[in-house]
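Single-structure report; data block below.
The values are calculated or read from the model by the stated rules, or taken from the named source; none is laboratory data. Note that the coordinates shown come from a computational prediction; the quantities given were computed from them, not determined experimentally. Note: ideal-geometry Cβ built from the backbone for every residue, glycine included; neighbour counts use all protein chains shown.
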């Protein structure tokens, strides 16, 4: 049977070996606009992994279009670095492209040495909280020329194609949208005027690179901005782009300000491909679907069902560079799937750090963290089969050590199994399965239901030990915390208990919010039921929405601090808090729990006492390290490392990275 994912495709004479397109993602790995070894190593690895085409970027067209962490294409001095990057991608088997962009009002003055960002109109950005300078017509035309000059540099550097970013709330889409374009001249007002700037950029770039050089555009299929450009207008814009000489369109979704989740784990796989199909039905050039395509079978179905001609697989290639080759060689069970947590990619960018990956500790450190085979294989024991323990065992075995992992319970996964229990967080269950598979491939031995104690150490005599025994939930010193109807959030997430109708969750961190949402969804319509009732017109859309968001339990979250969900990553937190409101979960912040009784929780808030009725009380106040072995092992003289919550309670990202480091450091 022909695999649609691995059929070649031609874009303006450029043959691409398969339908896997790695889209541009800001990596923050450039150094003062210059291509670095780190950037070259990162993309060379993805090319070796089998991607058909890789687009890097975005790259700048002038110094107001980005920041020094972006790849520079705005001066000739950057051409040698661009050439090195193009060569690394092409020599490792992929087609190479650069995305050009101007951030417009999304740029920060702080990142431009105090310069004011520019935009079609002086309308403040909700993302940066800054008001841009309105561009004059002469400045608009200068930017058009700079796009063309940057494209010329891309071609001179040896890339196979160039892409223009015309969406996501950046400058070109700011011109298109009536939300951000209030101009009264030839660049504002009517739809034809608002798309003028984008089409002028395309015309100038085409002239600069010639008719035979592939030119792509990445654009929104839907902005998800109320009062912005309509989906129908964007489809018409796609038609105009094709007529203007664009050779392929990559369809993304949303602006950075949009209130529809786009990248996090609750977004269903491939859900936004319908936008690519809507455009593909109106143009005759190749169309690329994107967002949350992290599995080969999803990609195949989108291609086979006519949604698109190629699939943009971005963060999934950060998580596993060899995703394409594993799919091509019928080793799909070996793929480590992106869980869409955004902890290492988007959240790092908010921290002004380079992109990393929760699932892949080597991402961005391809050379520095390569597994080097040891010349002195040791007998290594790893204690704990959670994220940290599995990561440690995989790394130690990868270095050539003889590794045995001992897990006290009956299955691997640890707290990943709890993280994956909450609604929209199922990808963490996939990660637990992926790590288990990587453990099998590593050759490490796994022993379940196995306790490691003093007698074990005397008998086994390991050369080295990695302690990854995890954590335990905290029981706070609250009167009544030992009552029968008081349970731990971990037990709720494990679905080991029956809950009452009125539930009070004590603790508004990540675990508390996830537990509250799990409970709030009890009794709501499933997706399958919702579709059936909608298609058959059984209820109004408004009633269906209510039935999909109003469950059978009354849930309240009580948090002592002033902020809910404080230990979520920034990319995830806002969506989770939206869901708290959407599903009718009540909240009490700045509230101290005084006592738990048989039928209520007494809280103090701003000096006022209040009784919260509760049939079940859930404790979600944090995790404490569980490390009964360290003192014993230290006394024995066995070299050891500690990783994950056994070292210090933290996020899954930290557990996997610490485990990997511990495994690498042995011997």
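Go through the range 1-25 and give me each residue that's under 20 Å from residue 63 (Cα atoms) and surrounded by fewer than 21 Cβ atoms within 10 Å (Cβ to Cβ).
Just the residues of the range 1-25 that are under 20 Å from residue 63 (Cα atoms), to begin with: 24-25.
Once the filter is applied, which keeps residues that are under 20 Å from residue 63 (Cα atoms) and surrounded by fewer than 21 Cβ atoms within 10 Å (Cβ to Cβ), the range 1-25 yields only 25.
Just to check your reading of the model, which residue among 398, 443, 471, 480 is more than 28 Å from residue 372 (Cα to Cα), at pLDDT 95 or above and under 32 Å from the mean Cα position of the chain (by Cα)? Before you say what the answer is, go through the steps one by one.
Working: 398 fails: more than 28 Å from residue 372 (Cα to Cα); 443 fails: more than 28 Å from residue 372 (Cα to Cα); 480 fails: under 32 Å from the mean Cα position of the chain (by Cα).
Of the residues listed, the single one that is more than 28 Å from residue 372 (Cα to Cα), at pLDDT 95 or above and under 32 Å from the mean Cα position of the chain (by Cα) is 471.
Restrict the check to the range 577-589 and report whether at least one residue is in the same structural domain as residue 481 (by TED's automatic domain parsing), assigned to a strand (DSSP E or B), touching a residue at least 40 places away in the same chain (Cβ under 8 Å) and in contact with a strand residue (DSSP E or B) (Cβ under 8 Å, 6 or more places away or on another chain). Write out each step before concluding.
Our first condition is that a residue be in the same structural domain as residue 481 (by TED's automatic domain parsing); within the range 577-589, this holds for 577-589.
If we keep only those that are assigned to a strand (DSSP E or B) too, we end up with 586-588.
After this cut, where a residue has to be touching a residue at least 40 places away in the same chain (Cβ under 8 Å) as well, the list is 587.
Pick out the ones that are also in contact with a strand residue (DSSP E or B) (Cβ under 8 Å, 6 or more places away or on another chain) and you get 587.
There is at least one residue in the range 577-589 that is in the same structural domain as residue 481 (by TED's automatic domain parsing), assigned to a strand (DSSP E or B), touching a residue at least 40 places away in the same chain (Cβ under 8 Å) and in contact with a strand residue (DSSP E or B) (Cβ under 8 Å, 6 or more places away or on another chain).
Would you check if there is a residue in the range 525-532 being touching a strand residue (DSSP E or B) at 6+ places or on another chain (Cβ under 7 Å), modelled with pLDDT of 95 or more and either over 30 Å from residue 353 (Cβ atoms) or not assigned by TED's automatic domain parsing to the domain that holds residue 256 (or both)? Even if it seems obvious, please write down each step before you answer.
Narrowing the range 525-532 to residues touching a strand residue (DSSP E or B) at 6+ places or on another chain (Cβ under 7 Å): none.
The answer is no; no qualifying residue exists.
Considering only residues that are over 16 Å from residue 253 (Cβ atoms) and touching a helix residue (DSSP H, G or I) at 6+ places or on another chain (Cβ under 8 Å), look in the range 282-294 and name the one that is surrounded by the fewest Cβ atoms within 10 Å (Cβ to Cβ).
284
With the requirement that a residue be farther than 19 Å from residue 147 by Cα and over 21 Å from the mean Cα position of the chain (by Cα), what does the range 51-72 give you?
52
From the list 278, 254, 228, which one is farther than 20 Å from residue 94 by Cα, out of contact with any helix residue (DSSP H, G or I) (no Cβ under 9 Å at 6 or more places or on another chain) and either crowded, with 23+ Cβ neighbours inside 10 Å or in contact (Cβ under 8 Å) with a residue 24 or more places away in the chain (or both)?
Testing whether each residue is farther than 20 Å from residue 94 by Cα, out of contact with any helix residue (DSSP H, G or I) (no Cβ under 9 Å at 6 or more places or on another chain) and either crowded, with 23+ Cβ neighbours inside 10 Å or in contact (Cβ under 8 Å) with a residue 24 or more places away in the chain (or both) leaves just 254.
Only one of (1) touching a helix residue (DSSP H, G or I) at 6+ places or on another chain (Cβ under 9 Å); (2) touching a residue at least 40 places away in the same chain (Cβ under 8 Å); (3) more than 13 Å from residue 509 (Cα to Cα) is not met by residue 569, so which one is it?
(3)
May I ask you to list the residues in the range 391-402 that are over 14 Å from residue 641 (Cα atoms) and in contact with a strand residue (DSSP E or B) (Cβ under 8 Å, 6 or more places away or on another chain)?
397, 401, 402
Looking at the range 190-219, which of its residues are farther than 25 Å from residue 137 by Cα and buried (at least 20 other Cβ atoms within 10 Å of the Cβ)?
Looking only at the range 190-219, we keep the residues that are farther than 25 Å from residue 137 by Cα, and these are 210-216.
Result: 213, 214, 215, 216.
Which condition does residue 645 not pass, out of (1) in a loop (DSSP other than H, G, I, E, B); (2) touching a helix residue (DSSP H, G or I) at 6+ places or on another chain (Cβ under 7 Å), if it passes all the others?
Residue 645 satisfies every listed condition except (1).
Restricting to the range 12-29, name every residue that is out of contact with any helix residue (DSSP H, G or I) (no Cβ under 8 Å at 6 or more places or on another chain) and outside any loop (DSSP other than H, G, I, E, B).
Of everything in the range 12-29, those that are out of contact with any helix residue (DSSP H, G or I) (no Cβ under 8 Å at 6 or more places or on another chain) and outside any loop (DSSP other than H, G, I, E, B) turn out to be 14, 15, 16, 21.
Please verify whether residue 300 is within 23 Å of residue 221 (Cα to Cα), at pLDDT 95 or above and assigned by TED's automatic domain parsing to the domain that holds residue 251, treating the condition exactly as stated. Write out each step before concluding.
On the way: within 23 Å of residue 221 (Cα to Cα): yes; at pLDDT 95 or above: yes; assigned by TED's automatic domain parsing to the domain that holds residue 251: yes.
The answer is yes for residue 300.
Just to verify a result, which residue in the range 300-316, among those that are touching a helix residue (DSSP H, G or I) at 6+ places or on another chain (Cβ under 8 Å) and closer than 18 Å to residue 262 by Cβ, is surrounded by the fewest Cβ atoms within 10 Å (Cβ to Cβ)?
Only one residue fits best here, namely 307.
Given the criteria more than 28 Å from residue 429 (Cβ to Cβ) and out of contact with any helix residue (DSSP H, G or I) (no Cβ under 8 Å at 6 or more places or on another chain), does residue 238 qualify?
Working: more than 28 Å from residue 429 (Cβ to Cβ): yes; out of contact with any helix residue (DSSP H, G or I) (no Cβ under 8 Å at 6 or more places or on another chain): no.
So residue 238 does not fit the description; no.
Whether any residue in the range 281-302 is assigned to a helix (DSSP H, G or I), under 20 Å from the mean Cα position of the chain (by Cα), farther than 26 Å from residue 127 by Cα and without any contact (Cβ under 8 Å) to a residue 60 or more places away in the chain is what I want to check. Step through it out loud before you land on a result.
Let us first name the residues in the range 281-302 that are assigned to a helix (DSSP H, G or I), namely 296-302.
Pick out the ones that are also under 20 Å from the mean Cα position of the chain (by Cα) and you get 296-299.
From what is left, the residues that are farther than 26 Å from residue 127 by Cα are 296-299.
Filter again for without any contact (Cβ under 8 Å) to a residue 60 or more places away in the chain, leaving 297-298.
Yes, the conditions are met somewhere in the range 281-302.
Identify all residues within the range 124-179 that are assigned to a helix (DSSP H, G or I), farther than 25 Å from residue 242 by Cβ and under 26 Å from the mean Cα position of the chain (by Cα); write none if there are none.
none
Scan the range 189-206 and give yes if some residue there is in the same structural domain as residue 86 (by TED's automatic domain parsing), farther than 20 Å from residue 119 by Cα and either under 30 Å from the mean Cα position of the chain (by Cα) or at pLDDT below 95 (or both), otherwise no.
No; the residues of the range 189-206 include none that is in the same structural domain as residue 86 (by TED's automatic domain parsing), farther than 20 Å from residue 119 by Cα and either under 30 Å from the mean Cα position of the chain (by Cα) or at pLDDT below 95 (or both).
Could you pull out the residue among 233, 266, 257 that is over 28 Å from residue 333 (Cβ atoms) and not in a helix (DSSP H, G or I)? Break it down into steps so the answer makes sense when it comes.
Working: 233 fails: not in a helix (DSSP H, G or I); 266 fails: over 28 Å from residue 333 (Cβ atoms).
After ruling out the rest, the residue left standing is 257.
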